[in-house]
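Quick notes on the structure that follows.
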Amino acid sequence: MSRDRDPVGRPRNARPRDALGRPLDRSDGAGSGVGSDSGSGSGEARIPDDLVLAGPDAARLADELLRAGRPFHAHEVLEASWKSGPAGERDLWQGLAQVAVGLTHARRGNARGAVALLSRGAQRVRAYQAAAPSLAGPYGMDLTAFLAASDDLAARIERDGLAGIPDAALRPGLTVGN
């Protein structure tokens, strides 16, 4: 079977995925659209490969997905912003995407991957903050609280493993006041 490709030939993966981003059999069907429930047996709604959102909209959608316990989908939104956003924001979006992947690993039961990606992502966001200190909380994001939650979660998982981690710890908020 050949790989899915977009009209220009870039690889795409149209396979349906479960709530944690794991590919399902193609026969399970595929959901469509952002944020909709695609029904049982058909996988989760996909974030479009060509998603382009302005910074505030990307932060808001990623926050909604993280708080809903859908970090894989938040990662896709954040990755789209890192690829389509201004070059000066690359570390911000890439770091946030890595934290979301760390949360995905935690939900999938991969403690080692969770700690690595939570830590790496937080470090990248801090590099962005150091380079642009006047933009410590762009687009309504509360980076201080988000990074503290990431650091705390990584330390708890490294110390105690994934057992006993409350669900709320895996749903950090990204924006202020939600």
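Taken together, the values in this text are just the output of simple stated rules run on the coordinates, not laboratory data. Because the structure is predicted, anything quoted here is derived from the model rather than measured. Cβ coordinates were reconstructed from backbone atoms using ideal geometry, including for glycine residues, and neighbour counts include every protein chain displayed.
Observations, loosely collected:
- The sole residue among 163, 130 that is more than 17 Å from the chain's Cα centre (by Cα) and not in a helix (DSSP H, G or I) is 163.
- Test for residue 154: is it small (Gly, Ala, Ser), assigned to a helix (DSSP H, G or I) and surrounded by 22 or more Cβ atoms within 10 Å (Cβ to Cβ): yes
- Within the span defined as the range 90-108, every residue fails to be surrounded by fewer than 23 Cβ atoms within 10 Å (Cβ to Cβ) and among the aromatic types (Phe, Trp, Tyr).
- Annotation: of all residues in the range 116-151 being farther than 23 Å from residue 70 by Cβ and touching an Asp or Glu at 6+ places or on another chain (Cβ under 6 Å), the one that is surrounded by the most Cβ atoms within 10 Å (Cβ to Cβ) is 128.
- Yes/no for residue 101 being among the β-branched types (Val, Ile, Thr), under 8 Å from the mean Cα position of the chain (by Cα) and under 20 Å from residue 116 (Cα atoms): yes
- Whichever residue in the range 66-89 is buried (at least 24 other Cβ atoms within 10 Å of the Cβ) and in contact with a helix residue (DSSP H, G or I) (Cβ under 8 Å, 6 or more places away or on another chain) and, among such residues, is nearest to residue 142 (Cα to Cα): 66
- Taking each residue of the range 158-178 that is at positive phi and looking for partners that are hydrophobic (A, V, I, L, M, F, W, C) and in a loop (DSSP other than H, G, I, E, B) with beta-carbon atoms closer than 8 Å, six or more apart or interchain, yields nothing.
- The set of residues from the range 85-107 being out of contact with any Phe, Trp or Tyr (no Cβ under 9 Å at 6 or more places or on another chain) and either part of a loop (DSSP other than H, G, I, E, B) or more than 18 Å from residue 155 (Cβ to Cβ) (or both) comprises 86, 87.
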